[in-house]
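Structure first, then comments.
The values are calculated or read from the model by the stated rules, or taken from the named source; none is laboratory data. Just so we're clear, the structure is a prediction, and the values are computed from it rather than from any experiment. FYI the Cβ positions are ideal-geometry reconstructions off the backbone, even for glycines, and counts take in every protein chain you see.
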Amino acid sequence: MLPREVGYVKPSTLAEALDLLAGNDGARALAGGQTLVSVMKARVASPDALVDLNGIDELRGIELDREGKLEIGAMTTYSELIESAEARARPILGEVCAQIADVQVRNRGTIGGNICANDPTNHLPPLMVALGATMTIAGADGERAVDADDFFLGVYMTDVGPGELLTKVSIPPGRRDGFASVTIGRDGTCIVSAAASLDNGPRVAIGCVGAVPHRAADVESKLNGDTSLEAARSAVAGLGKTLDPPSDVHAPSEYRARLAEVVTARAIAQAGSRGSH
Ligand SMILES: Cc1cc2nc3c(=O)[nH]c(=O)nc-3n(C[C@H](O)[C@H](O)[C@H](O)COP(=O)(O)OP(=O)(O)OC[C@H]3O[C@@H](n4cnc5c(N)ncnc54)[C@H](O)[C@@H]3O)c2cc1C
């Protein structure tokens with residue numbers, strides 16, 4: 001199917017983009033278009049106008065401060081994250097982005113679009129929760145910062161409100177991170193994913209088991225500093241029973257719950273196998 005006719009504007013400043021969005025309830029931000037254009041073609045979404053963010057330099061770039069904190073512009077693509085010397089301060093970012101789809105999607109898709117879409121099968125929402133990322137959201141009333149724990153509200157819903165834009169993602173210093181998933185084919189869509197981070201936590205988040213990333217607080221509290229695969233397996237025992245994941249053509253609920261235990265243990269063990277420097 002083809003999308004219905006749609007208006008198109010390409011502002012060159014954030015202020016202009018916010019004005020355009022605030023002035024038209026039916027306008028939507030366009031980032032890499034790798035989700036939005038697909039849902040427009042399926043007519044699941046039919047915005048009146050697209051506000052293309054690709055001309056806004058303020059939304060690009062990766063900065064690393066002296067303490068090791070990263071600030072990543074919302075319009076930074078997966079390929080830019082994979083290639084960035086600064087982003088290597090948190091190696092898991094490039095590693096996970098390299099697992100997303102194919103090179104065409106990685107060249108267009110952006111960190112901001114990935115988390116604003118909050119498709120439960122996307123790789124980055126659980127990773128952002130595990131890393132303890134903070135999202136900066138701009139609107140007519142200025143800027144606000146939202147923790148990843150509070151950012152994801154439902155399927156395709158986040159704390160970014162009408163007339164607002166995500167401008168950057170801030171990630172605290174740390175290196176002991178892990179990510180594991182079971183996907184549909186190599187580098188395909190996740191059936192279940194899990195991310196773990198030990199330097200500011202432990203923090204453990206699971207994807208594809210609900211509308212938003214599931215923070216596995218029970219598992220975190222059972223780790224007690226031992227992050228070997230054996231200890232991780234024992235910490236995740238029973239996790240599946242606390243989840244109520246959806247069933248679909250790829251996996252019934254019970255299987256997904258069991259997979260969640262497996263990938264969560266792997267993500268924790270991977271994080272534990274890494275030195276902090
Ligand atoms: C074939 C294929 C396979 C894929 N496989 C995977 C996969 O395995 N894992 C994965 O994680 N993803 C996958 N994706 C999705 C891909 O990662 C998308 O790039 C991502 O979901 C959306 O990012 P985008 O930059 O393309 O955003 P867009 O599609 O342009 O936008 C997505 C949504 O976010 C909103 N938005 C975008 N930027 C902002 C902003 N700065 N502020 C506020 N709202 C904003 C848009 O209005 C829209 O509602 C796949 C896509 C395709 C086409």
## Note on the structure
Of the residues in region 49-64, those that are surrounded by fewer than 16 Cβ atoms within 10 Å (Cβ to Cβ) and either modelled with pLDDT under 95 or in contact with a helix residue (DSSP H, G or I) (Cβ under 8 Å, 6 or more places away or on another chain) (or both) come to GLU63
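Yes/no matrix, rows are residues, columns are (1) free of Cβ contacts under 8 Å to residues at least 40 places away in the same chain; (2) in contact with a strand residue (DSSP E or B) (Cβ under 6 Å, 6 or more places away or on another chain); (3) farther than 27 Å from LEU81 by Cα:
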site	(1), (2), (3)
LEU166	no, yes, no
PRO173	no, no, no
ASP187	no, no, no
CYS190	no, yes, no
ASP218	yes, no, yes
GLU230	yes, no, yes
ALA237	yes, no, yes
SER253	yes, no, yes
### Task
State all residues of region 195-210 that are more than 14 Å from the ligand (Cβ to nearest atom) and over 30 Å from GLU58 (Cβ atoms); if no residue qualifies, say none.
ALA196, LEU198, GLY201, PRO202, VAL204, ILE206, VAL209, GLY210
### Message
Just to be sure before I move on: is ALA85 more than 9 Å from the ligand (Cβ to nearest atom), on the phi < 0 side of the Ramachandran plot and touching a Ser or Thr at 6+ places or on another chain (Cβ under 6 Å) in the structure I sent?
### Response
no
### Task
Have a look at PRO11, PRO3 and point out the one that is modelled with pLDDT under 95 and surrounded by 15 or more Cβ atoms within 10 Å (Cβ to Cβ).
PRO3
### Task
Being more than 10 Å from the ligand (Cβ to nearest atom) and assigned to a helix (DSSP H, G or I) is the filter; apply it to region 127-145 and report the residue that is nearest to the chain's Cα centre (by Cα).
MET128
#### Entry: Residue identified as touching a strand residue (DSSP E or B) at 6+ places or on another chain (Cβ under 6 Å), among the small types (Gly, Ala, Ser) and more than 9 Å from the ligand (Cβ to nearest atom) among GLY7, GLY23
GLY7
### Task
Please work out which one of (1) of a type in the set (A, V, I, L, M, F, W, C); (2) in a helix (DSSP H, G or I); (3) within 14 Å of the ligand (Cβ to nearest atom) is the condition LEU50 fails and give its number.
(2)
### Filter result for the condition that a residue is within 16 Å of the ligand (Cβ to nearest atom), assigned to a loop (DSSP other than H, G, I, E, B) and at pLDDT 95 or above, over VAL182, VAL160
VAL160
### Query
Applying the selection to region 94-116, what residues are part of a helix (DSSP H, G or I) and surrounded by fewer than 21 Cβ atoms within 10 Å (Cβ to Cβ)?
GLY94, GLU95, VAL103, GLN104, VAL105, ASN107, ARG108
### Task
Just give me the residues in region 222-277 being among the basic types (Lys, Arg) and outside any helix (DSSP H, G or I), in sequence order.
ARG274
### Query
Do you know which of the residues in region 26-43 that are part of a strand (DSSP E or B) and of a type outside the set (D, E, K, R) is farthest from the ligand (Cβ to nearest atom)?
ALA27
### Task
Being without any contact (Cβ under 8 Å) to a residue 60 or more places away in the chain and touching a helix residue (DSSP H, G or I) at 6+ places or on another chain (Cβ under 8 Å) narrows it down to one of ILE92, ILE82, ILE100, so name that one.
ILE82
### Message
Here are the criteria: (1) farther than 18 Å from PRO120 by Cα; (2) in a loop (DSSP other than H, G, I, E, B). Tell me which single one GLY188 does not satisfy.
### Response
(1)
